[in-house]
Amino acid sequence: VDKLAVARLLDEFGVGFIEGGWPGANPKDTEFFRRARTELDLRHAQLVAFGATRKASVAVADDAQVRALLDAETPAVCLVAKSDIRHVERALRTTGKENLAMVRDSVAHFVKEGRRVFLDCEHFFDGFRFDPAYTASVVAAALEGGAERVVMCDTNGGMLPSRITKAITELTARLGVTPDVLGIHCQNDTSCAVANTVAAVEAGVEHFQCTANGYGERPGNADLFAVVSNLQLKLGLPVLPDGCLEQAMRVSHAI
């Protein structure tokens, strides 16, 4: 019930997407998506189901959590993938090549099923610093699969705005892409999540992931209300539909 109420509030604020949880990972999230189909009447936002790419050495059509994501029946999905080769080899216990196939196969599968796909590159900035060629290849694999946006995640929250800008410049040059195909997701361990997100948008990124009031693990995430207010009021970017920014304080307090 709380998640349904929060989703309604976020929609009133005018956000483009609401990530509702990981269907199949816990009963509450599965129930949320089931009830959302009949109990939510969203005016501005599309619901997004969150999950992972297929498992190593498992065909995407046979992966149970991939099926759970499809069963959520959301217009969009956000897939998380390892983008640091050290995590691929030590945490997933697979090869860099197989991880790229996992990304490409999974994205293409959801695109074929008619879903909008965002791919979150977990620990992107650490991976890109350690092995830029491999981390860039994860981004390329997602784009090849048909991802709408590939999201650079500062998962441990260690970045600074100048380093965000530098990474975006280097990545787009390496891949020969424009920054509007990228997204940004910042944790707040350096207290720079809002600044880092704004820096990414100033560098050309057009998809940013935030949380209401910055709620999240450890010191939290980029605060939705601060980021949107900065972009709309300071930079003049039309982030929200007319009349929605005025709802910021009410929605923030209600949540």
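The numbers here are math on the coordinates, done by the rules we state, and not lab data. On a predicted model such as this, the values are computed, not experimentally measured, just so you know. Cβ atoms come from the backbone with ideal geometry, glycine included; neighbour counts cover every protein chain shown.
Quick notes
- The modelled label-to-label distance for the pair Asp71/Leu237, using points 7 Å beyond Cα in the direction of Cβ, is 3.7 nm.
- Within straight-line cross-link reach of Lys28, lysines at Cα separation under 22 Å, skipping those fewer than 8 residues along the same chain: Lys3
- Among Thr135, Thr211, Thr95: highest mean-square fluctuation, GNM of the chain, C-alpha pairs under 10 Å: Thr95
- Think of each Lys and Arg Cβ as +1 and each Asp and Glu Cβ as -1; about the Cα centre, that makes the dipole of the chain roughly 360 debye.
- The phi torsions of the range 112-117, fed into the Karplus equation with coefficients 6.51, -1.76 and 1.60 and a -60° offset, translate into couplings of 4, 7, x, 9, 6, 10 Hz, rounded to whole numbers, with Gly and Pro shown as x.
- Eligible lysines near Lys82 by straight Cα distance, threshold 25 Å, same-chain separation 8 or greater: Lys55, Lys97, Lys112, Lys166
- Length gained when the stretch Arg86-Gln46 is fully extended (0.36 nm per residue, less Cα-Cα span): 11.0 nm
- As a rough guide to protection, the peptides 106-114, 126-134 ranked by mean Cβ packing within 10 Å, highest first, stand as 106-114, 126-134.
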